[in-house]
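A.B. asks: Structure incoming, see below.
Nothing in this text is a laboratory measurement; each read-out follows from the coordinates by a stated rule. Note that the structure is a prediction, hence the values are computed from the model and not measured. Neighbour counts are summed over all protein chains in view; Cβ atoms, including those assigned to glycine, are modelled from backbone coordinates with ideal geometry.
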Amino acid sequence: MRNFQFAKVECLRRNLPLLYALLAIFLVSALSPEALAAKKIIIDTDPGTDDALALMLALNSPELDVRAVTVVPGNVTAATGLDNALRMVSLANRCDIPVAAGAQHPLFQKLITAEFWHGKNGLANIELPAGKCRVDARFGPDLIIEMVHASPHQITLVPVGPLTNIALAVEKDPSIVPLVKEVILMGGSISGGNVNAAAEANIYNDPEAAQIVFQAGWPLTMVGLEVGDKSLFSKKYFQELSQTHGPINDFIVSVVKFMMNISAQFGSPGAPMYDPSAVAVAIDSSLVKVREMHVDVETRGEFTRGETTANRRGDVERNVLHGDRYVIEGVDKVAPNAKVCVDVDADRFLELFVSRIRGK
Ligand SMILES: [Ca+2]
């Protein structure tokens, strides 16, 4: 018996390398290349100070593979935004990423630019060196269409400006909708606006485009004011990021300093991290708590144009015309079309941001 047990142990010992090899093969095959690959994203942006934060977070996060940057008018004009995007992609030494111009105006209204919040040049008045990266000749919405078809079910769209370019892409080629992996957008609010009582700026700047994007029928996550307003870049994080240096690190420190100063003028202890919040959710969705809701964008309200009206209950009354009046005949379910971020682990988000920018 003892001899038999010894033989068993000896057999196991001799075959240990083989067992380890089999275990290694199992682990490698369990992690498919798909699981190991970074998430392919296209950033649509109107840079913009918080756009700068979003772009640099994305470019310095191994979980994300930025396939293109498309520029939309919003915080600044289309031309200034394109120039800013090229300068930033140059600063990051990433001329391999196509940067394309897109729409020149919102679909149905005049552009509202926000130099008041973002500085005269949109980038906190910081003069980055002229970009060495060249603009891609393709029209932004066409580039989105082309890339989605080239990598079906793999591209995540991360719009952090007005939704004009995304709406144009959907209107031109609705067949992209089922081929987009998901849309994670910064915009909207279910608790009042930052432009006025009702509307958040990205949605307010092109409500018709936003309504097209929300109703398109793709998986959509709305990262709105509920996240950005809770995620304040405060002195604590500023001091942390100021201790390290590098071209991107130093640029971001200057941008957040500008943002914190302007926030302080309006009584806030820190700068709200609006646009980087959508990138952070693309990196790690466990940073936020979501609730599925049906969201429509108000396009006609006297006081509410640009509001994201979210159905929290998941149903609507069915009112049927009987003669000269409507009679409630029941309640109909409404299908959710968005995951609305309702809460965020702000400290974990800010720590993630600082850790990715530090020393870069
Ligand atoms: Ca933006």
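A.B. asks: Of the residues that sit in the range 53-65 and are buried (at least 24 other Cβ atoms within 10 Å of the Cβ) and away from the ligand (no atom under 11 Å from the Cβ), which one is farthest from the chain's Cα centre (by Cα)?
C.D. replies: Met56
A.B. asks: Can you find even one residue in the range 311-330 that is part of a strand (DSSP E or B) and touching a His at 6+ places or on another chain (Cβ under 7 Å)? So that I can check it myself, show each step before the final result.
C.D. replies: The initial filter retains those residues of the range 311-330 that are part of a strand (DSSP E or B), namely 311, 315-322, 325-330.
If we keep only those that are touching a His at 6+ places or on another chain (Cβ under 7 Å) too, we end up with 311.
Yes, there is a match, as at least one residue in the range 311-330 is part of a strand (DSSP E or B) and touching a His at 6+ places or on another chain (Cβ under 7 Å).
A.B. asks: Across the range 135-163, which residue is farthest from the ligand (Cβ to nearest atom) among those that are hydrophobic (A, V, I, L, M, F, W, C) and in a loop (DSSP other than H, G, I, E, B)?
C.D. replies: Among those residues, the one meeting the criterion is Ala137.
A.B. asks: Considering only the range 282-306, how many residues are of a type in the set (Val, Ile, Thr) and part of a loop (DSSP other than H, G, I, E, B)?
C.D. replies: First pass over the range 282-306, keeping only residues of a type in the set (Val, Ile, Thr): 283, 288, 290, 295, 297, 299, 304.
Those still in the list that are part of a loop (DSSP other than H, G, I, E, B) too: 299, 304.
The number of residues fulfilling the criteria is 2.
A.B. asks: Just one of Lys172, Lys132, Lys181 is more than 16 Å from the ligand (Cβ to nearest atom), over 23 Å from Cys95 (Cβ atoms), surrounded by fewer than 17 Cβ atoms within 10 Å (Cβ to Cβ) and among the basic types (Lys, Arg); which is it?
C.D. replies: Working: Lys132 fails: over 23 Å from Cys95 (Cβ atoms); Lys181 fails: surrounded by fewer than 17 Cβ atoms within 10 Å (Cβ to Cβ).
Lys172 is the lone residue from the list that is more than 16 Å from the ligand (Cβ to nearest atom), over 23 Å from Cys95 (Cβ atoms), surrounded by fewer than 17 Cβ atoms within 10 Å (Cβ to Cβ) and among the basic types (Lys, Arg).
A.B. asks: Going through the range 190-200 one residue at a time, which ones are surrounded by fewer than 24 Cβ atoms within 10 Å (Cβ to Cβ) and within 16 Å of the ligand (Cβ to nearest atom)? Break it down stepwise before answering.
C.D. replies: Of the range 190-200, the ones surrounded by fewer than 24 Cβ atoms within 10 Å (Cβ to Cβ) are 190-198.
Within the range 190-200, Gly193, Asn194, Val195 qualify.
A.B. asks: Hey, any hits in the range 44-58 for a residue that's in a loop (DSSP other than H, G, I, E, B), under 20 Å from Gly187 (Cα atoms) and in contact with a strand residue (DSSP E or B) (Cβ under 9 Å, 6 or more places away or on another chain)? Give the derivation first.
C.D. replies: Step one: filter the range 44-58 for residues in a loop (DSSP other than H, G, I, E, B), giving 46-48.
Of the ones still in play, those that are also under 20 Å from Gly187 (Cα atoms) are 46-48.
Checking the rest, the ones that are also in contact with a strand residue (DSSP E or B) (Cβ under 9 Å, 6 or more places away or on another chain) come to 46-47.
The answer is yes, given that some residue of the range 44-58 is in a loop (DSSP other than H, G, I, E, B), under 20 Å from Gly187 (Cα atoms) and in contact with a strand residue (DSSP E or B) (Cβ under 9 Å, 6 or more places away or on another chain).
A.B. asks: Let me ask something else about it. Check every one of the helices (runs of 4 or more DSSP H) wholly within the range 205-281 and list those with 1 or more residues that are more than 27 Å from Ile112 (Cα to Cα).
C.D. replies: Details: elements: 207-215, 225-228, 235-242, 247-265.
The helices (runs of 4 or more DSSP H) meeting that bar are 235-242, 247-265.
A.B. asks: Restricting to the range 66-89, name every residue that is more than 13 Å from the ligand (Cβ to nearest atom) and part of a strand (DSSP E or B).
C.D. replies: Val66, Arg67, Ala68
Residues are listed down the side, and each one gets a yes or a no for (1) surrounded by 21 or more Cβ atoms within 10 Å (Cβ to Cβ); (2) on the phi < 0 side of the Ramachandran plot:
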| site | (1), (2) |
| --- | --- |
| Ala271 | yes, yes |
| Ala280 | yes, yes |
| Ser286 | no, yes |
| Val290 | no, yes |
| Met293 | yes, yes |
| Gly314 | no, no |
| Arg318 | no, yes |
